[in-house]
Amino acid sequence: MQIGDIKINKITRLAPMASISNIPFRLIALECGSGMITSEEIDSAALVSGNVRTNYDIAGYLPEEKPIALQLLGATDKTLVPAAMILEDRGADIIDINMGCPMRKITKTGRGAAMMKDIIKTSKILRSIRSAIKIPLTIKIRGGWDDQTLNAPDFARMAESEGVDAITVHPRSRTQKFTGYAPWDVIGKVVDSVNIPVTGNGDVLSMNDAKKMKDQTGCHSVMIGRAAIGNPWIFSEDFEKLSSNDKYDYKNKIIRKHMILIREYFRDSAALLQTKKHLCWYAGSNRMVRPFRKKLFNAKSISEAEDIFEKFWANTIKNDRNINYEKIPLTIN
Ligand SMILES: Cc1cc2nc3c(=O)[nH]c(=O)nc-3n(C[C@H](O)[C@H](O)[C@H](O)COP(=O)(O)O)c2cc1C
């Protein structure tokens, strides 16, 4: 798949997820095999007004993440245009506009999925952004605002005519939020409606699912969100071919690296919270997880959290596979 001059050689890529698709997790996803990634949503008004957290933590990225798409959230060209120009100046390779967020606090101000309601207003916004930047412009949409207005194919045609270079489709409507099943046929309808690359997204739980989505819909790449949380090796085409010992070693290496990256890129309480959240997700779900979670969330420091995880992890594996994994420490010195 190619967006402008940017080639994406992988089938799957990490989806933007607020507070999750941050620098450490993006680097981990890339290491596991994700194709070009998109940042979490960056509020255009906050960016333009100079908000420090938005400018440095949320909109920040590393050279090794390039090429990278930075995603903007906004409702008008007054903030989206200057924000896109700021990000282009800072070296973004692609500007992506979030037109899919279903949360009420976002849509009530005309942002996210609300942009799909007024196709004329949104076409003008896209025209203004398109003429203000030189790098590729992409959008991420839903199937439509609600089940009565599943306008993704018409909306995609409008976007193409305004010079949008690629589209990601999460086919649920805004009212569906994340419930029920993602109707993949809507992705196929968008693919049939435009001549620009389309990325499919929604309910992909494995590399096999991603291949199925590609075959069934004709989409050019697949974004994976929730199934990558605590499971970034989903992006690896080879992971499933590994022996169970090698799978364990690979997971261990990735988790350790993720913990180091969290320490490097977050400070104090933010680092502790990220550590706890991700270790909890890595622990997955089995009958031993509940007491582990309780202990983990009571931990007062990163080393304590890692210690608790190490014991849990070693025990889980011992129970599963009868191998002495206590020799593989997870604590980072
Ligand atoms: C916690 C969370 C945060 C999200 N944040 C964003 C976001 O910042 N921008 C965006 O376009 N979509 C966001 N999404 C939607 C995902 O990118 C994706 O479209 C959705 O989760 C469906 O894909 P999945 O079934 O693979 O999870 C978010 C989803 C979740 C669960």
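The values are calculated or read from the model by the stated rules, or taken from the named source; none is laboratory data. All figures in this text were calculated on a predicted structure; none of them were measured in a lab. Here the Cβ positions follow ideal geometry from the backbone for every residue, glycine too, while neighbour counts run over all protein chains shown. These area figures cover heavy atoms from the full protein model, side chains too; ligands, DNA and RNA do not enter into them. Shrake-Rupley method; radii C 1.70, N 1.55, O 1.52, S 1.80 Å.
Details
- For the chain, the longest principal axis of the C-alpha atoms and the axis of helix 119-132 are separated by about 80°.
- Accessible area of the chain belonging to carbon and sulfur atoms, whole % at 1.4 Å probe: 51
- Helix 207-217 axis, angle to the chain major axis (alpha carbon atoms, nearest 10°): 20
- Using the Cβ-Cβ distance between ASP5 and SER123 with R0 set to 30 Å, the FRET efficiency from 1/(1 + (r/R0)^6) comes to roughly 0.75.
- Rounded to 10°, Cα long-axis angle of helix 77-89 versus longest principal axis of the chain: 60
- Highest to lowest packing among 156-163, 9-16, 291-298, scored as the average C-beta count within 10 Å: 9-16, 156-163, 291-298
- A 1.4 Å probe run over the protein chains yields, for segment 189-287, 48 Å² of accessible area per residue, whole-number rounding.
- Top of ALA132, ALA92, ALA166 by mean-square fluctuation, Gaussian network on the chain, Cα under 10 Å: ALA132
- Phi to ³J(HN,Hα) by Karplus 6.51 cos²θ - 1.76 cosθ + 1.60 over segment 261-269, Hz, x for Gly, Pro: 5, 4, 5, 6, 9, 10, 10, 6, 5
- Max mean-square fluctuation residue, GNM over the chain, Cα-Cα springs under 10 Å, options TRP313, TRP184, TRP145: TRP313
- Packing order of peptides 48-58, 96-106, 71-81, highest average first: 71-81, 96-106, 48-58 (average count of other Cβ atoms within 10 Å over each peptide's residues).
- Pairwise centroid distance, computed over Cα atoms, of segment 47-105 with segment 129-207, Å: 19
- Dipole magnitude (debye, nearest 20) for the chain, charges at Cβ of Lys, Arg, Asp, Glu: 1020
- Hull-based mean projected area of the chain, where the convex hull spans the alpha carbons, in square nanometres: 16.7
- With contributions of -39500 (n - 2.57) from each DSSP H run of at least four residues, the per-residue ellipticity at 222 nm computed over the chain stands at -13500 deg cm²/dmol.
- Rg/Rh, computed from the Cα trace of segment 70-170 with Rh as the Kirkwood radius, has the value 0.94.
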